[in-house]
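Engineer: Please read through the structure below; I'll follow up with questions.
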Amino acid sequence: MGKITVLIVDDHTLIRETWSFLLGRNENFEVIAEVGDGQRAIDIARDKRPNIVLLDINMTPLNGFDVLKMIRKQSPGSKVIAVSMHSQPAYAKKMLRMGAKGYVTKNSPRQEMLDAILEVNGGNTYICQEVKNILSDQMLSEEDHAAGLNQLSEREIEVINQIRDGLSSKEIADRLAISIKTVEVHRHNILKKLKVKNTASLINYINSSGL
């Protein structure tokens, strides 16, 4: 099997040269070009049809999203791995939706970059461990939200709805025909069950959960 041809696209010279040096030392890869300009990257991809494009998404004037779109059009056989300083899953999801086959951050270790290239070249999708960890934490947080909501009584949910409408404890007491002290007890129990510290945090929780 021939070497995997790689085009490196990043507007930081040191990063390009570092990637090029690391890949050049590995017999599996051949760096066909390294460029810092998005339009130049599109032209090279069209002319040389690399197997893999390592594409920084934080570039100007053409950003990585624009370059990805054009490379997919000009060289559809080239597989793009997005490389970014951003570890937020939203960036990874957007790049993958647009047709990238991998996403790694600039915090990723050298071996992970090599693994990503091999996986993507083999027809798989690759997301780096840093982003996977964040996704996992988000899923656990959502599960905690669901568990907290399931503990609420019907009366507590009624109280939450009044809080969301901006009512004071006295107004809630009048509306629900209960004492102010009972409202305060409900508020305390709600904060405890949902693991939030104060009313402001509770409002954010309500808005994010769609309660």
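The values are calculated or read from the model by the stated rules, or taken from the named source; none is laboratory data. Owing to the predicted nature of the structure, the values given are computational and were not obtained by experimental measurement. In this analysis, Cβ positions are derived from the backbone assuming ideal geometry, glycine residues included, and neighbour counts consider all displayed protein chains.
Engineer: Of everything in segment 1-35 that's outside any helix (DSSP H, G or I) and of a type in the set (Asp, Glu), which residue is nearest to Val83 (Cα to Cα)?
Structural biologist: Going through the qualifying residues, I end up with Asp10.
Engineer: Would you please list the contacts, defined by Cβ atoms under 9 Å and residues six or more apart or on different chains, that run from a residue in segment 46-71 that is closer than 16 Å to Ile117 by Cα to a residue that is of a type in the set (Phe, Trp, Tyr) and crowded, with 19+ Cβ neighbours inside 10 Å?
Structural biologist: Correct list of pairs: Ile52/Phe29; Leu54/Trp19.
Engineer: Gly123 versus (1) exposed (fewer than 15 other Cβ atoms within 10 Å of the Cβ); (2) under 23 Å from Thr13 (Cβ atoms): which is the lone unmet condition?
Structural biologist: (2) is the only condition that Gly123 fails.
Engineer: Can you pull out every residue in segment 80-96 that is among the hydrophobic types (A, V, I, L, M, F, W, C) and closer than 13 Å to Met59 by Cβ?
Structural biologist: Residues satisfying the conditions are Ala82, Val83, Met85.
Engineer: Right, Val53: modelled with pLDDT of 95 or more and assigned to a strand (DSSP E or B) or not?
Structural biologist: yes
Engineer: Pairs, please: C-beta under 7 Å, at least 6 apart or cross-chain, first residue under 11 Å from Leu54 (Cα atoms) and in segment 102-117, second β-branched (Val, Ile, Thr) and surrounded by fewer than 16 Cβ atoms within 10 Å (Cβ to Cβ)?
Structural biologist: Between residues of segment 102-117 that are under 11 Å from Leu54 (Cα atoms) and residues that are β-branched (Val, Ile, Thr) and surrounded by fewer than 16 Cβ atoms within 10 Å (Cβ to Cβ), the close pairs are Gly102/Thr125.
Engineer: Would segment 75-96 turn up any residue that is part of a helix (DSSP H, G or I) and closer than 16 Å to Thr5 by Cα?
Structural biologist: So far as segment 75-96 goes, no, none of its residues is part of a helix (DSSP H, G or I) and closer than 16 Å to Thr5 by Cα.
Engineer: Shifting gears a bit: Any residue in segment 12-23 that is closer than 23 Å to Gly99 by Cβ, free of Cβ contacts under 8 Å to residues at least 40 places away in the same chain and loosely packed, with under 14 Cβ neighbours inside 10 Å?
Structural biologist: So far as segment 12-23 goes, no, none of its residues is closer than 23 Å to Gly99 by Cβ, free of Cβ contacts under 8 Å to residues at least 40 places away in the same chain and loosely packed, with under 14 Cβ neighbours inside 10 Å.
Engineer: Examine segment 109-119 for a residue that is in the same structural domain as Ile57 (by TED's automatic domain parsing) and within 14 Å of the chain's Cα centre (by Cα), and state whether such a residue exists.
Structural biologist: No.
Engineer: Would you please name the residue that is surrounded by the fewest Cβ atoms within 10 Å (Cβ to Cβ), looking only at residues in segment 147-179 that are without any contact (Cβ under 8 Å) to a residue 24 or more places away in the chain and of a type in the set (Lys, Arg)?
Structural biologist: Ranking the qualifying residues of segment 147-179, first place goes to Lys170.
Engineer: Restricting to segment 178-201, name every residue that is part of a helix (DSSP H, G or I) and either among the hydrophobic types (A, V, I, L, M, F, W, C) or not assigned by TED's automatic domain parsing to the domain that holds Gly166 (or both).
Structural biologist: Ile180, Val183, Val185, Ile190, Leu191, Leu194, Ala200
Engineer: For Leu167, state whether it is modelled with pLDDT under 80, among the hydrophobic types (A, V, I, L, M, F, W, C) and either under 30 Å from Thr105 (Cβ atoms) or not in a helix (DSSP H, G or I) (or both).
Structural biologist: Here the answer is no, as Leu167 does not meet what is asked.
Engineer: Taking Gly122 as meeting all but one of (1) at pLDDT 90 or above; (2) touching a strand residue (DSSP E or B) at 6+ places or on another chain (Cβ under 9 Å), write down the number of the exception.
Structural biologist: It fails just one condition, (2).
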